[in-house]
Amino acid sequence: MSEQNQNKQIVLNERPNRGPINDNTFKLKIDEIKQPGEGEVLVKVEYVSIDPTMRGWLNDVRSYLPPVQIGAVMRATSLGRILKSNDSNFKKGDLVFDTFGWQEYWTGPGSSIQKRVTPEGGRDIDHMGLYGLTGMTAYIGLFEIGQLKDGDHVVISGAAGAVGQIATQIAAAHSKCTVTAIAGSNEKLEYLKKLGAHNVLNYKDSDFKEKFRELKQIDVYFDNVGGEILDLALAQLNPYARIIACGAISAYNAEKPTPIYNYFNLISMKSTMKGFIVLDHIDKFKEGSEYLSNLVKQNKLKADYHITYGLETCVNTLKDMFDGKNLGKTVVSLKDENENEEKSKL
Ligand SMILES: NC(=O)c1ccc[n+]([C@@H]2O[C@H](COP(=O)([O-])OP(=O)(O)OC[C@H]3O[C@@H](n4cnc5c(N)ncnc54)[C@H](OP(=O)(O)O)[C@@H]3O)[C@@H](O)[C@H]2O)c1
């Protein structure tokens, strides 16, 4: 195989049983670039996503998507450009989005992928975050699941991450709402204040629980982390509060999830806790994009990205996310060095 014909991939090597991913979880594989057949396209991948949910895809359990199989390319949503097309709906250079995975090239049917257009003055990378699944998760979470209302006190955990940064700004921009944002470092708290959060709390501080209990009662809790923080929030609900069960990152690598003691407050406070998967709400994405784009125009919303460069960085970048090293949405850029204009833009 000549060097020009190589497709670097990261494949699942073995499942990390009940613990963090380790050096044996993935391995690098060099495959041949597959030429497109009838109705197929060849995509050069430019960005791949790094998401907490990837940890769940490695477990051989029933979930909202089947587990990634041993030897398969690691699943990841991605953005790329058409290099060759045998599908009349696509031409060379078109921007496309789908689950191309942790690999440099993808070949498959054009009918299974989505064309994307970046508006004048916009950034391609926003298809991975702001107008991608994380932006939509924040929007759907707050409005469809959380039924956000004027004047609500909204508490958001994991607030400086991909979903959290958007949710914090949407809630802060919403009429008379008060936002309490929780994250794991003082640098992140400073960032969250700039995004408009009214109160900020570091869950790693020794007096975090006391400070949490001093907060006024909660109308909406946007839960990205589960565990102890969820339990604290449950103890402090206003009547008819809504808990948005978006994620539980504190449990993804744990042997057992942290016990929840205060769930019965859902009964006494006549409150709801509802889980959701953003992919079930595609019918609302257009409305969501328009809503977010309006906030951007009013300078009430921006999206930040944590970018690493090169396919080989995917595994460590995923590990680092669990250690909270990211601020904003995490992506790996597979663009050639001179194409990485985001470095100077962000
Ligand atoms: N339901 C859906 O459809 C949907 C869609 C997308 C994402 N999600 C979920 O939403 C959550 C956020 O996803 P994201 O993509 O926005 O990730 P992210 O927030 O960008 O990254 C994860 C963050 O979690 C924090 N964290 C790690 N371990 C933690 C722990 N033990 N306790 C508290 N915080 C911890 C870290 O920040 P700190 O420095 O603050 O610790 C880290 O930066 C995840 O649980 C994810 O699974 C759900």
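The values are calculated or read from the model by the stated rules, or taken from the named source; none is laboratory data. This is a predicted model, so every value here is computed, not measured. Backbone-built Cβ (ideal geometry, glycine too); neighbour counts: all protein chains shown. What goes into the accessible areas is simple: the full protein's heavy atoms, side chains included, and nothing from ligands, DNA or RNA. Shrake-Rupley method; radii C 1.70, N 1.55, O 1.52, S 1.80 Å.
Odds and ends about this structure:
- Carbon/sulfur fraction of accessible area - the stretch 133-297, other protein chains in place, 1.4 Å, %: 54
- Pairs exceeding a 23 Å alpha-carbon distance, out of Lys8/Lys84; Lys29/Lys256; Lys211/Lys302; Lys204/Lys274; Lys300/Lys329: Lys29/Lys256; Lys211/Lys302; Lys204/Lys274.
- Note on Leu279 and Lys297: the extension gain reaches 3.9 nm, defined as 0.36 nm multiplied by sequence separation minus the Cα-Cα distance.
- q = 0.06, 0.09, 0.10, 0.14 Å⁻¹, the chain: log10 I(q)/I(0) [Debye, one scatterer per Cα]: -0.22, -0.50, -0.62, -1.17
- Overall form of the stretch 233-346 per C-alpha gyration tensor (a/c, 1.5; a/b vs b/c): oblate
- For the stretch 133-297: rounded, prolate or oblate by the Cα gyration tensor [a/c cutoff 1.5]: rounded
- Electrostatic dipole magnitude of the chain [Cβ: Lys, Arg +1; Asp, Glu -1; Cα centre; debye, to 20]: 600
- Three-way shape call for the stretch 173-250 based on the alpha-carbon gyration tensor, with the a/c threshold at 1.5: rounded
- Accessible-area order (highest first, 1.4 angstrom probe) of the listed residues Arg15, Arg55: Arg15, Arg55
- The mean sequence distance of close C-alpha pairs (under 8 Å, at least 6 residues apart), as a share of the length of the chain, puts its relative contact order at 17 percent.
- Extension gain, Lys209 back to Glu339 (0.36 nm per residue minus Cα-Cα distance, nm): 42.2 nm
- Potential lengthening between Ile267 and Glu290 on full extension [0.36 nm per residue; Cα-Cα distance subtracted]: 4.7 nm
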